[in-house]
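Scroll down for the structure; my scribbles are underneath it.
Since every read-out is calculated from the coordinates, none of them should be taken as a lab result. All values reported here derive from a predicted model rather than from experimental measurement. A quick note on method: Cβ atoms are made from the backbone with ideal geometry, for glycine too, and the neighbour counts reach across all protein chains shown.
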Amino acid sequence: MSDILPFLKELLYAPGLSGYEAPVAKIIAEKWRPLVHKLNRSRLGSLHGLRRGTAAEPRPSLLVAAHMDAIGLMVTGITEGGFLRLTAIGSVDARVLPGQPVTVHGREGLPGIVVQPSTRLLPPEIGNNSVPLEHLLVDVGLPPRKVNKLIHIGDPISFTQPPLELTGETLAGYTVDNRASVAALTVCLEELQNRPHTWDVWVVATVQEETGWIGAYSSSYQLRPQIAIVLDTTWAKGPGANDWNTFPLGKGPTITWGPNIHPALYKAFKELAERLEIPHAVEITPLHTGTDAFATQVTAEGIPSIALGIPIRYMHTPVEVVAVKDIQRAGRLIAEFIAGLHPDFMAKVTWDY
Amino acid sequence: MPTIGNTQLQLLEKLCNAMAVSGDEGEVRQIVLDEIKGYADQVKVDALGNVLATHAGSGENRLKVMLAAHMDEVGFMLAADEGEGIFRFETVGSIDVRQLPGKSVIVGKEHLPGVIGARPIHLVKEDELKNKIPLDNLRIDLGPGSTKVKPGDRATFATRFQRTGPSIIAKALDDRLGVAALIELVRHAPANIDLLAAFTVQEEVGLRGAKVAAYAFDPDLAIAVDSTLANDLPAWDGEENTAYNTKLGLGPAIYVADGGTLSDPRLVHHLVATAEAEAIPYQLRQPGGGGADAGAIHRQRAGIPSVSVSVPGRYAHTAASVARIEDWKNTLALLHAALSKMPPELLTSERV
């Protein structure tokens with residue numbers, strides 16, 4: 001199995017906020033191009049790669065998707081002294097922001113810091129509590145004249161935290177959600193190079209998941225697969241997270257179960273993981289999975305969908321932690337599923353669950 | 001004349017990226033010892049780890065002038081090993097706990113990477129968001145299986161030094177700006193005084209290094225060289241910010257009064273007069289809280305006339321502070337000019 005770590009690190013260095021995915025899409029496209037038969041970007045910017053299957057036409061097709069967009073910030077204003085005011089793109093806990101190094105994507109990429117003004121410069125009721133996003137600023141270290149020239153309202157801001165290799169083959173960084181899954185899909189594609197498969201496989205890196213699964217709705221509509229497999233990150237056990245809905249780091253991907261999941265797909269993945277002895281956990285999702293599968297399931301006339309999860313710690317902070325092993329396992333599990341898929345798999349599904 | 005060029009900026013970069021949490025200043029101490037080697041008459045490391053360097057002048061009636069810059073920085077100490085590379089920790093020095101979640105850190109002698117995470121926002125109850133995350137809920141995570149560090153080891157923010165436009169962004173600019181400036185002063189020591197340079201330890205935990213350094217040097221007067229919190233951001237309601245200490249870009253900050261010291265007016269006057277005469281930009285730090293090594297020095301022995309001069313900086317004691325290169329350059333210029341022009345009779349007039 002190839003070493004996916006260098007590619008993952010490359011992905012983690014690339015900006016690509018929701019709606020502004022081009023920089024990361026370019027890197028993924030370069031990596032995927034030799035691994036697929038056809039590659040293009042959708043009208044909204046999702047990356048569509050096709051590996052043709054071996055079954056006779058009309059061939060069934062499946063979609064395997066991971067979102068490539070990331071949470072971040074956006075400029076809403078510039079103060080008299082040249083400090084930037086902020087809003088969030090996606091779901092950001094303002095409590096991880098003070099002191100955070102960022103890159104402001106203005107007329108050029110500018111380094112900056114999210115800063116928390118002192119108590120005396122804030123509304124008195126905040127006191128020693130957390131400071132809401134509306135009162136945090138970004139300092140780019142430039143005089144106001146220059147700031148106004150180089151930065152406009154609406155410019156996206158990404159975190160600058162570089163990827164860190166931690167002990168135990170784990171990696172920490174920004175955008176591990178969901179570049180870890182993009183890396184896993186790449187592992188899957190590499191596996192499929194030597195594995196014939198009957199179905200056409202659309203490998204998709206979706207846009208704007210963090211802001212409402214926009215890429216998943218639009219790409220699954222356009223490609224109209226018979227099955228949708230969505231890979232995303234899920235919550236790992238660790239400091240601050242140890243409830244039933246968290247999963248051990250480095251002990252394999254999760255297979256989701258709930259109304260968002262087609263029972264036939266759950267059964268197939270569960271049995272496959274057990275047969276291949278791929279470590280995994282069952283992730284109970286009593287409502288929805290909060291992933292692109294929520295969109296694919298109700299696209300067009302409905303698409304049987306399943307979500308798989310890679311457990312990560314500290315989700316939606318710039319220091320998300322993932323175990324590289326889990327990425328390899330998730331990629332392999334999906335590749336095995338695809339390679340073992342009979343052309344009539346869905347045709348044979350009956351509602352006897 | 002000492003000045004700030006690429007060499008000095010490279011030295012500052014090395015100093016800022018080094019880890020020297022109070023009580024464990026070895027990395028910065030080594031850099032200091034290497035940099036001043038051959039420039040001082042005498043260099044020693046004292047009982048607490050201060051570097052004490054003396055450079056004797058050559059004129060008559062030379063004043064013994066102590067300059068102090070602290071080598072230590074705020075940081076963390078691992079407190080308990082919870083297994084799987086996860087450690088509880090305590091803060092060393094004054095750190096706002098709201099600055100910690102979501103940061104990367106370096107741990108131990110080998111600077112092993114670690115992170116301080118936070119509960120995923122999806123798992124945080126809405127009313128919890130307005131509360132800060134207490135230190136009890138934070139951990140340093142080095143990854144499963146880490147055995148190279150142990151409770152008692154130090155950690156600090158992992159931020160790397162960088163320059164942007166007229167500014168520097170780095171951790172520990174408080175007080176590596178002062179340390180680097182003092183190195184330059186040792187290398188360009190004026191001949192009219194005896195220069196007694198103290199690169200102090202444990203400033204951030206109570207000015208402890210400066211206290212013993214001042215005793216040992218027994219100087220006629222002392223100048224603490226530090227980086228003061230500017231606090232020059234806009235107020236939330238658009239009203240005038242009357243709470244600032246200093247403003248970036250306006251030059252070195254001369255202290256009249258802070259939380260620990262009423263500066264000697266004769267020294268304040270000498271600094272101001274020098275700046276005016278040399279056309280070096282300067283500002284008077286707004287009297288108020290905070291402090292520097294002068295707080296310990298001025299009350300040592302029978303009393304030592306003292307003053308502090310600071311490079312204005314923003315966001316001290318956080319992962320990333322910001323300062324202007326020009327302010328640093330002017331701080332060094334002011335100090336060097338003030339020392340070179342220091343008359344032997346500076347302190348003969350009675351203190352007002």
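General remarks:
- When both the range B:157-210 and the range A:30-98 are represented by their alpha-carbon centers, they are found 44 Å apart.
- Summarising the amide proton neighbourhood of residue B:321: residues at separation of 5 or more, or on other chains, whose placed amide H is nearer than 5 Å comprise B:170, B:171, B:172, B:173.
- Fully extended contour minus Cα-Cα distance, from residue A:244 to residue A:44, at 0.36 nm per residue: 68.4 nm
- Taking amide H as placed 1.01 Å from N in the peptide plane, the amide H of residue B:292 sits under 5 Å from that of B:260, each at least 5 places away or on another chain.
- Estimated FRET transfer efficiency when R0 is 25 angstrom, pair residue B:216-residue B:191 (beta carbons, to 0.05): 0.65
- Placing +1 on each Lys and Arg Cβ and -1 on each Asp and Glu Cβ, with no other charges, gives the protein assembly as shown a dipole about its Cα centre of roughly 1140 debye.
- Surface/4 estimate of mean projected area, convex hull on alpha-carbon atoms of the protein assembly as shown, nm²: 32.2
- Farthest toward positive dipole pole in the range A:66-204 [+1 Lys/Arg, -1 Asp/Glu at C-beta], among A:172, A:150, A:94: A:150
- A simple charge model with +1 on the Cβ of Lys and Arg, -1 on the Cβ of Asp and Glu and nothing else charged puts the dipole of chain A at about 640 debye relative to its Cα centre.
- Here's the picture: a label point sits 7 Å out from the Cα of residue B:348 along the beta-carbon direction, and within the range B:262-285 the residues with their amide nitrogen under 17 Å of it are B:266-267, B:270.
- When shorter helices are ignored and each DSSP H run of at least 4 residues is given -39500 (n - 2.57), the per-residue value for the protein assembly as shown at 222 nm works out to -7500 deg cm²/dmol.
- Distance in nm between pseudo-label sites at residue B:110 and residue A:224 (7 Å out along the Cβ direction from Cα): 5.7
- In this calculation the C-beta distance from residue B:94 to residue A:352 is compared with R0 = 41 Å, giving a FRET efficiency of 0.05.
- The coefficient of translational diffusion for the range A:72-159, derived via Stokes-Einstein from the alpha carbon Kirkwood radius under 4 °C and 1.567 mPa s, stands at 100 µm²/s.
- Excluding same-chain neighbours fewer than eight residues apart, the aspartates and glutamates reachable from residue B:150 by a Cα-Cα span under 13 Å are B:81, B:82, B:84, B:110, B:141.
- Lys/Arg +1, Asp/Glu -1 at C-beta; chain B dipole; positive extreme among B:228, B:159, B:249: B:159
- Between 0 and 90°, nearest 10: helix B:265-278 axis offset from chain B longest Cα axis: 80
- Considering only A:113, A:163, A:129, the residue lying farthest towards the positive end of the dipole of the range A:104-169 is A:113, judged by Cα position with unit charges set on Cβ.
- Rg of the Cα atoms in chain A, relative to 2.2 N^0.38 Å, amounts to 1.03.
- Dipole moment magnitude, nearest 20 debye, the range B:75-157 about Cα centre, only Lys, Arg, Asp, Glu C-beta charged: 180
- Proximal aspartates and glutamates relative to residue A:270, as straight alpha-carbon distance under 18 Å, when same-chain residues fewer than 8 apart are discounted: A:232, A:283, A:326, A:336, A:352
- In sequence order, the range B:242-251 has phi-based couplings of 9, 9, 5, 8, 8, 10, 5, x, 9, x Hz under the Karplus curve 6.51 cos²θ - 1.76 cosθ + 1.60, θ = phi - 60°, and Gly or Pro positions carry x.
- The range B:329-349 and the range B:235-268 have Cα centres separated by 20 Å.
- Counting Lys and Arg as +1 and Asp and Glu as -1 over every other residue whose Cβ lies under 12 Å from the Cβ of residue A:170, the net charge comes to -4.
- Put a dot 7 Å past the Cα of residue A:275, heading toward its Cβ, do the same for residue B:37, and the two dots end up 6.8 nm apart.
- Extension gain from residue B:44 to residue B:137, taking 0.36 nm per residue of separation minus the Cα-Cα distance: 29.2 nm
- Average partner coverage of A:304-314, which counts Cβ from other chains inside 10 Å: 2
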